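The values are calculated or read from the model by the stated rules, or taken from the named source; none is laboratory data. Here the structure is a predicted model, which means the values were calculated and not measured. All Cβ positions, even for glycine, are placed from backbone atoms using ideal geometry, and neighbour counts span all protein chains on display. Remember, those area values only see protein heavy atoms, side chains included, never the ligands or the DNA or RNA. Shrake-Rupley method; radii C 1.70, N 1.55, O 1.52, S 1.80 Å.
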Number of protein chains: 2
Amino acid sequence: MTVVELLERKRDGGTLSDEEIRWLITSYTADEVPDYQMSAMLMAIFLNGLTGDELAVWAESMLHSGDTLDFSDIPMTKVDKHSTGGVGDKLSIALAPMVAACGLAVPMMSGRGLGHTGGTLDKLEAIPGFRTQVDPSEFHHLLKTIGMVMGGQTETLVPADRRLYALRDVTGTVPSVPLISSSIMSKKLAEDIDALVLDVKVGKGAFMQDEEQARLLAETMVGIGTRHDTKVMALLTAMDEPLGTAVGNANETAECIEMLKGDAPPDATEVTYRLGEEMLVLGGVAADNAEARTMLEATITSGSALEKFEEVIVAQDGDPRVLEDLSLLPQAPEFVELEAPRDGYITECHARRIGVAGVQLGGGRLRKEDEVDPAVGIWVFAKEGERIERGQPLARIGWREGAKLGAAMEILEDAWTIGDEPPEPKPLIIGEVR
Amino acid sequence: MTVVELLERKRDGGTLSDEEIRWLITSYTADEVPDYQMSAMLMAIFLNGLTGDELAVWAESMLHSGDTLDFSDIPMTKVDKHSTGGVGDKLSIALAPMVAACGLAVPMMSGRGLGHTGGTLDKLEAIPGFRTQVDPSEFHHLLKTIGMVMGGQTETLVPADRRLYALRDVTGTVPSVPLISSSIMSKKLAEDIDALVLDVKVGKGAFMQDEEQARLLAETMVGIGTRHDTKVMALLTAMDEPLGTAVGNANETAECIEMLKGDAPPDATEVTYRLGEEMLVLGGVAADNAEARTMLEATITSGSALEKFEEVIVAQDGDPRVLEDLSLLPQAPEFVELEAPRDGYITECHARRIGVAGVQLGGGRLRKEDEVDPAVGIWVFAKEGERIERGQPLARIGWREGAKLGAAMEILEDAWTIGDEPPEPKPLIIGEVR
């Protein structure tokens, strides 16, 4: 077996055997296959695809490229959620404590922001002292004792994905359904979970801009999970405009704390509940969505979700007083408001542009090595369909450096479109794949 | 401009601008673009192609990646010939002296054998003392004084091709029409020639096994030449069975010497004449093919072509006595004959298999670093359409090592097919592209 033979086969539209895929991923991870051969393979896969069987083995091989977690001694059912990423997508931070408060274990491993979307780790680190670096034994201990953890990916988990992702990033092979889905699923399946709910975002601020592609991605990921004997379902949710009001780090965390107190924007709240319902049903603690909804609502009214979040903050060295006093979160030193230039209806509130503006402000990363400023951010006051008058604020911007504010404002100017007629209302939940 | 942008465009079926292609090739040659990005680009080009305009700039950029030759002080018209490679394809060795004897300058830069096809340099080096390493100033001097040279590619000419070819070889991107044609044409155009005749082989022993692909390759190469203002035409010639009798190194050189004396197998002689006719017409020393044929025949009957070859051998330190005494060429120590297992007509004499058998004998290279044994070889006695009786020799094999002979014989056993009826006769010249 040589890499060239496999390259020729995939190039010509053929399929690779289970053994060939395992050998390729293992050899690449062991530095026995050079980047220049793997990048040609990635391009061939981008253009010619992988069959369902090939993809399942590809994801499995990635999953087994390093350590995997073993939570078999934890009696609770382990359920996780993954979002393909959007703007203002802070849902995990409220969702995980709500679900954990219902008796499921949530071993949440999150990432950092890159590109126009934020990352859960960056948002959590806005809480003074909060430590997202959690080693495997502490991760295990926290999951067992608290029922949830919020940490980053450890270095030894799925090393093949780290290497493949870095290579895809520089070879134009990122937006490929088989490569995205195997990357996501290998990492999630390495967490030893029983069930997984996927939030596949669709729209201007999402990775997948059209529904058909998003559905294909969702089906592909659900397929990989099914072949791995893990319960997986996906919701397709709207990402044309940001979710909720806050886009940033400290302000998104603040919005999540408000959600845990029952006081958050309706769109963010609704998507959080829908994802939570599916997690409880897949996790076997609720018979159906209605029962799950009632249970989730009870975690808010009883305060049990907020208490769960407090436990996590304390365990991970954060300052729990932020839950009572949001002003303890980093605050931007300066603020401006962007005013509506005319009367009318908001026909577009462009998620990607607002996300990019947030990055320009300093709230995200232009390059991997950039530091994130947790204090700056955008509050989106006018969402699609709303009636607005000239001079009313479209958004409030918390900023630190003038040059960064200038760059952000140039983008924000084009983020809203105001028309004479209200736009067609669009659903928040676009579909589901089981 | 980033490589990723170019990769994404080519991946999605778009086209690259002239400037982008020049930048990519220049940066790659200067080690500023890594192999792993270029290999992804090669795979994208393999699968999505290059337009005619892109290809012309791609080939030009390769051509300008290093030194180019300048023969403007040599008053003769410079004409070269290139073959896409076959088995028993020794034609250059007789053709170049014939054409040079007609008053054209032939700056022939040849390659070595790799895979199942032989290389002109290896065959020439069967002549005791013959030196194929010729530096640029000597190359120039020989071309000016003798009207021909037979050397290898110098290191400084088209370095982009050397690097790209090595990368294609290990990434499954060799058999691509735009990549083959730009590789061939950049090297030939760097020779500062006025005209070029391409011998595009079609059939079982050729790179292109079907006529349609071969025609596309020929048209593509002629297109590149035309855009470069160089006169280029291509003949499509048959390569289902070996050309002539000899397959090896010393024996092929011997057959060329016989051709220069008017005594060679009809198929090799005919293709040599046809290529020579086109070179003389394109080079402007003959008005039409008939006149060119007469001139070429005269170089044989007058002995002027043989004299020209003698001049070259002497200038390049070879022993010219081989022209009178073929036994001065390396001789295989042992011989066997492969006998026909039955009566009948030869319906197949499989060029690729015979070529591979020749490599197994030691006459070619399994890996680039292998040494070639010039003495061993195969003499093909039975060609397609011939009537044969059981026990008659199909071939004579000159060998040195038993293990190598065994490997070769196993392949040769399957190289001939004998049937009851004669096969349809096939033309030697399949077509032409201008």
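Of the helices (runs of 4 or more DSSP H) that lie entirely inside segment B:121-193, those containing 3 or more residues that are charged (D, E, K, R) and open to solvent by 40 Å² or more (accessible area, probe 1.4 Å) span B:159-169.
For segment A:228-269, the set of residues classified as within 20 Å of A:Gly283 (Cβ to Cβ) and either among the basic types (Lys, Arg) or under 17 Å from the mean Cα position of the chain (by Cα) (or both) consists of A:Lys231, A:Val232, A:Met233, A:Ala234, A:Leu235, A:Thr237, listed by residue number. Within segment B:33-52, is there a residue that is farther than 16 Å from B:Ile180 by Cα, within 14 Å of another protein chain (Cβ to nearest Cβ) and polar (S, T, N, Q)? The answer is yes; a qualifying residue exists. In segment B:349-379, the qualifying residues are those that are surrounded by fewer than 24 Cβ atoms within 10 Å (Cβ to Cβ) and touching a strand residue (DSSP E or B) at 6+ places or on another chain (Cβ under 7 Å), and the one that is farthest from B:Ala268 (Cα to Cα) is B:Lys368. From the list B:Ile313, B:Ile346, B:Ile411, the lone residue that is crowded, with 17+ Cβ neighbours inside 10 Å and assigned by TED's automatic domain parsing to the domain that holds B:Gly203 is B:Ile313.
In the set A:Ala287, A:Ala298, only one residue is of a type in the set (A, V, I, L, M, F, W, C), in a loop (DSSP other than H, G, I, E, B), surrounded by fewer than 24 Cβ atoms within 10 Å (Cβ to Cβ) and free of Cβ contacts under 8 Å to residues at least 12 places away in the same chain; that residue is A:Ala287. Taken together, the residues in segment A:1-32 that are in contact (Cβ under 8 Å) with a residue 24 or more places away in the chain, away from chain B (no Cβ under 13 Å) and open to solvent by 30 Å² or more (accessible area, probe 1.4 Å) amount to 5.
Can you say whether B:Asp229 is over 20 Å from B:Ser181 (Cβ atoms) and free of Cβ contacts under 8 Å to residues at least 12 places away in the same chain, as far as the supplied structure shows? It is false that B:Asp229 is over 20 Å from B:Ser181 (Cβ atoms) and free of Cβ contacts under 8 Å to residues at least 12 places away in the same chain.
B:Gly85 meets each of the listed conditions (1) out of contact with any helix residue (DSSP H, G or I) (no Cβ under 8 Å at 6 or more places or on another chain); (2) in contact (Cβ under 8 Å) with a residue 12 or more places away in the chain; (3) in a helix (DSSP H, G or I) apart from (3). Scanning segment B:127-153 for residues that are within 30 Å of B:Gln209 (Cα to Cα) and touching an Asp or Glu at 6+ places or on another chain (Cβ under 9 Å) yields a count of 2. Cβ-Cβ contacts under 6 Å between residues 6 or more apart (or on different chains), taken from a first residue in segment B:50-66 that is open to solvent by less than 40 Å² (accessible area, probe 1.4 Å) to a second residue that is polar (S, T, N, Q) and part of a loop (DSSP other than H, G, I, E, B), are listed as B:Glu54/B:Thr15; B:Gly66/B:Thr156.
So that you can scan it fast, the table gives a plain yes or no per residue for (1) in contact with a helix residue (DSSP H, G or I) (Cβ under 6 Å, 6 or more places away or on another chain); (2) assigned to a strand (DSSP E or B); (3) open to solvent by less than 20 Å² (accessible area, probe 1.4 Å):
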position	(1), (2), (3)
A:Leu198	yes, yes, yes
A:Arg215	no, no, no
A:Met221	yes, no, yes
A:Asp229	no, no, no
A:Val232	yes, yes, yes
A:Glu241	yes, no, no
A:Ala254	yes, no, yes
A:Glu258	no, no, no
